[in-house]
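S.K.: First, the structure itself, so that you have it in front of you.
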Amino acid sequence: MQEWPIKDVARATGLTSRTLRHYEQIGLLHPSRVASNGYRFYGQAELSRLYRILSLRALELPLAAIRLALDDEKSLVETIQSHLALLEEHRDRTNQQITVVRQTLEAAQKGQQMSIEEVFASFDPSQYETEVRERWGDDAWEGSAERRNQMTHDERRADDERSLDVNAALRAAAESNVDPTSEAFHALIAQHYKWVTEHWNGRKPDRAAYTGLSHLYVTDSRFAATYGGEANAEVIRAAIQSWIETNLP
């Protein structure tokens, strides 16, 4: 039986070895065997299952739903139908955002004064669900979603306003050419770190997680757009890195 080592599977699929090991830990995909030196190998059956996993991931299904669909063939149709409903809901929300962004752009082009709320009106944290689930696990997203679900309407509004304030302050600092290693910028990063911790349901990011988040701000155009573009995101990443060196072990 032909087998492929984990490094070859990772290279072929674009996944990292860490992601494949995570799939194993949550029972989603087990290797065909593990050698005495710990190296993992995958056979035809495992590659077939991985193909299905990636196909379902392309539909942005969460890992828990994928595992259910793979383990219970009868639930696959229902799972996809449920996800289709979510996609249609997302489409409607995206169309609403497009309308808001067009209005914001027209106002900016005409030189009209806009409030900070109007500038960030199209910002939707739920668009990052896939990244959160993929990079930090389903628990991170579920915990954050549960935190929001337990809030009253006024509490959610206050939470949204705080999100706007924290991110708008970072953007303003970057646009004002504030030194990313300065105490002033570090104070803003400290508030951002506290904000991230709150949204992660009280789990404080370690060095690796916070560093990864800062990289995502630059490499993902949606994140970068929140801060006014990649150049600003680069400055914010540098500030986060500087703050990490001083504040995280």
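S.K.: Taking the criterion of being free of Cβ contacts under 8 Å to residues at least 12 places away in the same chain, out of contact with any Asp or Glu (no Cβ under 8 Å at 6 or more places or on another chain) and over 21 Å from Asp160 (Cα atoms), would at least one residue in segment 199-210 satisfy it?
M.R.: Yes; the residues of segment 199-210 include at least one that is free of Cβ contacts under 8 Å to residues at least 12 places away in the same chain, out of contact with any Asp or Glu (no Cβ under 8 Å at 6 or more places or on another chain) and over 21 Å from Asp160 (Cα atoms).
S.K.: A further question follows. Can you spot a residue in segment 168-178 that is surrounded by 14 or more Cβ atoms within 10 Å (Cβ to Cβ) and either at pLDDT below 85 or of a type in the set (S, T, N, Q) (or both)?
M.R.: no
S.K.: Also: Restricting attention to segment 211-232, and to residues there that are farther than 13 Å from Val178 by Cα and crowded, with 19+ Cβ neighbours inside 10 Å, which single residue is farthest from the chain's Cα centre (by Cα)?
M.R.: Tyr227
S.K.: Could you say whether any residue in segment 145-161 is within 25 Å of Glu245 (Cβ to Cβ) and among the hydrophobic types (A, V, I, L, M, F, W, C)?
M.R.: So far as segment 145-161 goes, no, none of its residues is within 25 Å of Glu245 (Cβ to Cβ) and among the hydrophobic types (A, V, I, L, M, F, W, C).
The values are calculated or read from the model by the stated rules, or taken from the named source; none is laboratory data. Note that the coordinates shown come from a computational prediction; the quantities given were computed from them, not determined experimentally. Here Cβ is always computed from backbone atoms with ideal geometry, including for glycine, and neighbour counts include all displayed protein chains.
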